[in-house]
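What follows is one structure encoded as structure tokens, with my remarks underneath.
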Amino acid sequence: MALQCACGSQGTSAPAAPSVAVPPVANCTPKPTSSQTVNVKDAPYNAKGDGITNDTAALQKAVDAMAGTGGTVSVPAGTYLVDALTSLQLRSGMTLSLDTGAILKAIPNGSSNYIILRISGVSNVNVVGGTLLGDRTTHTGTSGEQGMGLRITGSAQHIAVVGVTSKECWGDGFAISGASDVTLCNVLADHNRRQGLSITSGNGLVVKNSSFTNNRGTIPEDGLDIEPNSGETVNNVLITACVFANNGGDGIENGVPIAYTGLAFIYNVVIDGNTMTGNGVATLHSGPRSGIEVSNTSGHVIKNNTIQGNAGYGIYLRDGVTGTTVTRNTVTQNTLNGVLEYRSSGNTITDNTLSGNGLPP
């Protein structure tokens, strides 16, 4: 077996985990705190939604009008072109409600870094419905991987994203960094070039009833990647009742890069009741991928998942994983081991159903 990387663990120098617990799974239909509503197509906003007009300024004007009111910006069906180099930037205390036929579409650009919808440094924001459509097939550049559909960052808090589709982005469908109390519910990330969802830092995050599919094109190619940078911490994450299918990389990757050992930390990730299937096929990685991979971090729970037909390992614990519980998972028909510990010990692996995998166990 060609296995990766040198050993490493978080070590004794890690700071104490923050005390904030994973919040209860939020209601997937958050209610605005005010009945006040503006329609982006009405005066004085006059968004067109015709797929031809640059509607960035009109949409932003409507958003700014609702800032702090607790009210709703309503986006009817249509295709609204957005300058993703400027981004549509949401404000505190508001709901952005998109019709199921509403599309916020990135105007094609050549930048390595763009965001269609940005939630940064704000609080008490809901985003409900609609589609964020990237420029993957029309992108005019060839480098970089930071073209995002929705990015939540800058100490944003109390954020709910419900029923939103993000697809065809040059980078990630969704990205979270430096945010707290964030719920993604019933979202879909499909055919984004890098991955479906990236989490690099944050505290108290819930990902529920969502699908991450067909994300591939540049490494890591994961459905969901929890991977802090140096100086960052991810704490208290619940991933439940989600589907991770046909991604080029892992279904879920949860790990601290070896280069950031003792500099970046992940605490208390619970992966419960999800389905991982068909991941790792035609991966761009030099080695095989997994349904779930955990590396160089400790103290997580992987339970009640169905992990079937992935081109690699079912569950892979590598490079210093300790104190992690793997229990009551059904792991079948993966091309390599059902469950593999590599350079890892002190984990509890019990009551899993393993069958038909390419290598024992």
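The values are calculated or read from the model by the stated rules, or taken from the named source; none is laboratory data. On a predicted model such as this, the values are computed, not experimentally measured, just so you know. Here the Cβ positions follow ideal geometry from the backbone for every residue, glycine too, while neighbour counts run over all protein chains shown. We work out accessible area using only protein heavy atoms, side chains counted, and drop any ligands, DNA or RNA first. Shrake-Rupley method; radii C 1.70, N 1.55, O 1.52, S 1.80 Å.
Numbers below:
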| read-out | value |
| --- | --- |
| Of all residues making up segment 200-225, the number that are over 18 Å from G147 (Cα atoms) and either out of contact with any Gly (no Cβ under 7 Å at 6 or more places or on another chain) or of a type outside the set (G, A, S) (or both) | 9 |
| From the options H158, H191, residue that is farther than 26 Å from N246 by Cβ and not aliphatic (A, V, I, L, M) | H158 |
| Filtered residues of segment 204-215 (kept if in a strand (DSSP E or B) and surrounded by fewer than 24 Cβ atoms within 10 Å (Cβ to Cβ)) | G204, V206, K208, S211, T213 |
| Residue match in segment 63-73 (condition: open to solvent by less than 40 Å² (accessible area, probe 1.4 Å), over 28 Å from W170 (Cβ atoms), in contact with a Ser or Thr (Cβ under 7 Å, 6 or more places away or on another chain) and of a type in the set (V, I, T)) | yes |
| Single residue of segment 269-296 satisfying the filter (touching a His at 6+ places or on another chain (Cβ under 8 Å) and surrounded by 19 or more Cβ atoms within 10 Å (Cβ to Cβ)) that is nearest to N235 (Cα to Cα) | V269 |
| Some residue of segment 333-351 being open to solvent by less than 40 Å² (accessible area, probe 1.4 Å), in a loop (DSSP other than H, G, I, E, B) and within 20 Å of N214 (Cβ to Cβ) | yes |
| Looking only at segment 131-161, and only at residues there that are open to solvent by less than 10 Å² (accessible area, probe 1.4 Å) and part of a strand (DSSP E or B), the one that is farthest from I199 (Cα to Cα) | L132 |
| Residue list for segment 112-130, restricted to those being open to solvent by 10 Å² or more (accessible area, probe 1.4 Å) and either hydrophobic (A, V, I, L, M, F, W, C) or in a strand (DSSP E or B) (or both) | N113, R118, S120, V122, S123, N124, N126, V128 |
| Residue within segment 259-268 that is of a type in the set (G, A, S) and either open to solvent by less than 10 Å² (accessible area, probe 1.4 Å) or not in a loop (DSSP other than H, G, I, E, B) (or both) present | yes |
| Residues located in segment 165-197, provided they are closer than 18 Å to A84 by Cα, open to solvent by less than 10 Å² (accessible area, probe 1.4 Å) and part of a loop (DSSP other than H, G, I, E, B) | C169, G171, N192 |
| Residue that is nearest to C169 (Cα to Cα), among those in segment 78-111 that are open to solvent by 30 Å² or more (accessible area, probe 1.4 Å) and in a strand (DSSP E or B) | K105 |
| Given (1) out of contact with any Pro (no Cβ under 9 Å at 6 or more places or on another chain); (2) under 17 Å from P220 (Cα atoms); (3) in contact (Cβ under 8 Å) with a residue 40 or more places away in the chain, index of the condition G278 fails | (3) |
